[in-house]
1. Please work out which residue is surrounded by the most Cβ atoms within 10 Å (Cβ to Cβ), limiting yourself to region 181-198 and to residues that are of a type in the set (G, A, S) and closer than 22 Å to R158 by Cβ.
2. Identify all residues within region 76-92 that are out of contact with any Lys or Arg (no Cβ under 8 Å at 6 or more places or on another chain) and not aliphatic (A, V, I, L, M); write none if there are none.
3. Under the condition of being touching a residue at least 40 places away in the same chain (Cβ under 8 Å) and in contact with a helix residue (DSSP H, G or I) (Cβ under 6 Å, 6 or more places away or on another chain), which residue from region 51-76 is nearest to G94 (Cα to Cα)?
4. Residue check: is A135 assigned to a strand (DSSP E or B), surrounded by fewer than 24 Cβ atoms within 10 Å (Cβ to Cβ) and of a type in the set (A, V, I, L, M, F, W, C)?
5. Could you list, ordered by first residue, the pairs with Cβ atoms under 6 Å in which the first is in region 192-210 and under 18 Å from F141 (Cα atoms) and the second is hydroxyl-bearing (S, T, Y) and loosely packed, with under 13 Cβ neighbours inside 10 Å, at least 6 apart or interchain?
6. Residue by residue through region 94-111, note down the ones that are in contact (Cβ under 8 Å) with a residue 60 or more places away in the chain and either of a type in the set (K, R) or surrounded by fewer than 18 Cβ atoms within 10 Å (Cβ to Cβ) (or both).
7. Looking at the structure I just gave you, is E129 touching an Asp or Glu at 6+ places or on another chain (Cβ under 9 Å), of a type in the set (D, E, K, R), in contact (Cβ under 8 Å) with a residue 12 or more places away in the chain and closer than 24 Å to H16 by Cα?
Amino acid sequence: MRTTWDAAAASDRVEHYVGDPATAASELDSLFSRLGDDPRGGTCVEVGCGFGRMTAVLAERFDRVVALDVSPRMLDLARDAVHSENVDFRLVPGSSLEPVETGSADVLVCYLVLQHLPRRDAVLGYLGEFARVLAPAGRAFVQLPVLDGSARARAWRRARGLAVPLARGGIARRPEYRGFRLTEAELERGLRDAGLRVTVRDESATSPYRYAREVFLRLERS
């Protein structure tokens with residue numbers, strides 16, 4: 001994953017891959033409001049900060065922001081863009097949220113990130129890490145596309161999984177960008193195994209991903 005996102009950071013289309021900073025505040029407000037919350041204060045862990053497009057907005061809400069990314073180049077861009085003194089940028093390996101301390105997050109935000117993880121085990125592993133870093137009363141605000149559970153959709157996912165690693169082209173064709181979609185049943189099992197429970201859920205019927213819908217979750221430790 002690191003190679004792919006370093007390449008995205010070095011490109012002249014970084015906003016295309018990560019998102020428009022001009023809409024960061026409205027996207028965060030929408031995420032929190034659709035999940036019936038307005039979190040402020042305490043420590044917020046931002047999973048996948050990219051070049052920092054949402055980090056400064058989070059820094060206005062929370063006493064401390066721990067902004068994580070798998071890409072050193074993205075973190076360099078974020079440090080140049082965000083000068084808030086209450087932000088701590090940290091590099092993570094991609095397989096976990098280390099070195100974030102267990103039980104340290106009052107709030108965790110993961111937005112436009114899980115859809116880019118390349119394998120089922122990577123997505124499920126992140127769910128487990130969310131549970132690990134959340135404080136006992138912490139809340140996670142998570143967005144992800146969820147695959148239709150039909151046989152047709154699952155067959156398409158299998159075929160895509162075989163084709164994507166063979167594809168040639170730019171960043172957007174790499175497995176680490178194209179990502180893996182969980183089905184509803186896989187998501188439910190993954191949350192249960194991670195020790196997380198859904199306290200609020202919302203959905204959007206439309207999604208940029210085939211056979212998928214956008215799902216928004218407020219999670220707490222079970």
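1. Among those that are of a type in the set (G, A, S) and closer than 22 Å to R158 by Cβ, it is G190.
2. Residues satisfying the conditions are D76, R79, D80, H83, S84, E85, R90.
3. At the first step, the residues of region 51-76 found to be touching a residue at least 40 places away in the same chain (Cβ under 8 Å) are 51, 54, 58, 62, 69-74, 76.
Okay, now just the ones that are also in contact with a helix residue (DSSP H, G or I) (Cβ under 6 Å, 6 or more places away or on another chain), so 51, 54, 69-71, 73-74.
On the way: F51: 16, M54: 20, D69: 8, V70: 6, S71: 9, R73: 14, M74: 14 Å.
Across region 51-76, the extreme among qualifying residues is V70.
4. Here the answer is yes, as A135 does meet what is asked.
5. Going by the 6 Å Cβ cut-off, the qualifying pairs are G195/S222; R197/S222.
6. At the first step, the residues of region 94-111 found to be in contact (Cβ under 8 Å) with a residue 60 or more places away in the chain are 94, 104-111.
Within region 94-111, just S104 meets the criteria.
7. Values: touching an Asp or Glu at 6+ places or on another chain (Cβ under 9 Å): yes; of a type in the set (D, E, K, R): yes; in contact (Cβ under 8 Å) with a residue 12 or more places away in the chain: yes; closer than 24 Å to H16 by Cα: no.
When the stated conditions are applied, E129 does not pass them.
Every number in this text was worked out from the coordinates using simple rules, so none of it is lab data. Please read all numbers here as calculations on a predicted model, not as lab measurements. Cβ sites come from the backbone with ideal geometry, for glycine too, and all protein chains shown count toward neighbours.
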